[in-house]
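The values are calculated or read from the model by the stated rules, or taken from the named source; none is laboratory data. What you see is a predicted model; the values in this text were computed from it and never measured. Don't worry about glycine lacking a Cβ; one is built from the backbone with ideal geometry, like all the others, and counts go over all protein chains shown.
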Amino acid sequence: MNQQLPIRIVSKVVRGYGRGSKDLGIPTANVSRDNLTCSIGSFDELPTGIYWGYARIIADGSSDDGGENKNGQENNNKISGREVYTTAVSIGYNPTYNNKEKT
């Protein structure tokens, strides 16, 4: 595993079930398995676990970038792709919600 670090994942942010942010009380983002590229192969090859890392969000211009989102929070319409955020990344089966598919 040490020879594979760091792992770089690039994907599109997609809508989840809406439970993570509510239960954790912090913003969460879900990435698409279908549009994912990974430095160590496919999504299925990613080892399960909780990881510390960095995230950068680049708006593609195809979604609403103003007003309020469904949680009543103001959307950030100034996403430039320059800001880098520290993040916790969960890769696994999420037993809290009885998920059967690796996410």
Yes/no for residue 54 being modelled with pLDDT of 85 or more, within 16 Å of the chain's Cα centre (by Cα) and among the aromatic types (Phe, Trp, Tyr): yes
Residues that are over 15 Å from residue 23 (Cα atoms) and assigned to a loop (DSSP other than H, G, I, E, B), drawn from the stretch 88-97: 92, 93
Residue within the stretch 62-79 that is out of contact with any helix residue (DSSP H, G or I) (no Cβ under 7 Å at 6 or more places or on another chain), modelled with pLDDT of 70 or more and not in a strand (DSSP E or B) present: no
Residue ID - farthest from residue 103 (Cα to Cα), chosen from residues in the stretch 11-55 that are surrounded by fewer than 13 Cβ atoms within 10 Å (Cβ to Cβ) and of a type in the set (Val, Ile, Thr): 26
